[in-house]
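Visitor: Pasting a structure here, questions to come.
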Amino acid sequence: MTFSVQWDLVITDAIHKTYRDEKRTTDWGAMCVAILLVRQFTRYTNFETTKTGDGIDFWLMEENGFDFAARLEVSGIRQQTKTNSITSRLERKKKQTQQSDATQLPAYIAITEFSKPEALFFLK
């Protein structure tokens, strides 16, 4: 399946300076893509950030719900390598989400690779 994300923003020198930290921009970009994927492919519309150590990045909820209904782990790769591929990252993220498996909630993993670009959206 192919999607296109476009915007008409002119990239200025000030914007380049604002987003100079490549790790941070990769993380933020991956979160944006993950939210778009969740909204497109699931019934979840509300997101709540988790605490460090939960093994996931977001709790997911339905539009009018207040209870957590699913989990979301997000990961971004600026440029894939042999040792840091989408496939290898998925295996690491599956293990990481085990920290919150006691909830028995479905866990989604969204990994975005930005040099191609491509994204994987996986339900554990």
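Visitor: With the checklist (1) among the small types (Gly, Ala, Ser); (2) farther than 24 Å from Ser4 by Cα; (3) touching a residue at least 40 places away in the same chain (Cβ under 8 Å); (4) in a helix (DSSP H, G or I) in hand, flag the one item Gly55 doesn't pass.
Guide: (4)
Visitor: Can you name every residue in region 102-124 that is aromatic (Phe, Trp, Tyr) and surrounded by fewer than 18 Cβ atoms within 10 Å (Cβ to Cβ)?
Guide: Scanning region 102-124 gives a single hit, Phe122.
Visitor: Can you confirm whether Phe47 is under 14 Å from the mean Cα position of the chain (by Cα) and of a type in the set (A, V, I, L, M, F, W, C)?
Guide: Spelling it out, Phe47 is indeed under 14 Å from the mean Cα position of the chain (by Cα) and of a type in the set (A, V, I, L, M, F, W, C).
Visitor: Might you let me know whether region 67-74 holds any residue that is surrounded by fewer than 16 Cβ atoms within 10 Å (Cβ to Cβ), part of a helix (DSSP H, G or I) and either touching a residue at least 60 places away in the same chain (Cβ under 8 Å) or of a type outside the set (Lys, Arg) (or both)?
Guide: Scanning region 67-74, I find no residue that is surrounded by fewer than 16 Cβ atoms within 10 Å (Cβ to Cβ), part of a helix (DSSP H, G or I) and either touching a residue at least 60 places away in the same chain (Cβ under 8 Å) or of a type outside the set (Lys, Arg) (or both), so the answer is no.
Visitor: Can you find a residue that is at pLDDT 95 or above, assigned to a loop (DSSP other than H, G, I, E, B), in contact with an Asp or Glu (Cβ under 7 Å, 6 or more places away or on another chain) and within 21 Å of Gln99 (Cα to Cα) anywhere in region 42-52?
Guide: Yes, the conditions are met somewhere in region 42-52.
Visitor: Looking only at region 58-74, decide whether some residue is closer than 15 Å to Gly29 by Cβ and charged (D, E, K, R).
Guide: No, region 58-74 contains no residue that is closer than 15 Å to Gly29 by Cβ and charged (D, E, K, R).
The values are calculated or read from the model by the stated rules, or taken from the named source; none is laboratory data. Note that the structure is a prediction, hence the values are computed from the model and not measured. As a convention, Cβ positions derive from the backbone with ideal geometry for all residues, glycine included, and neighbour counts pool all protein chains shown.
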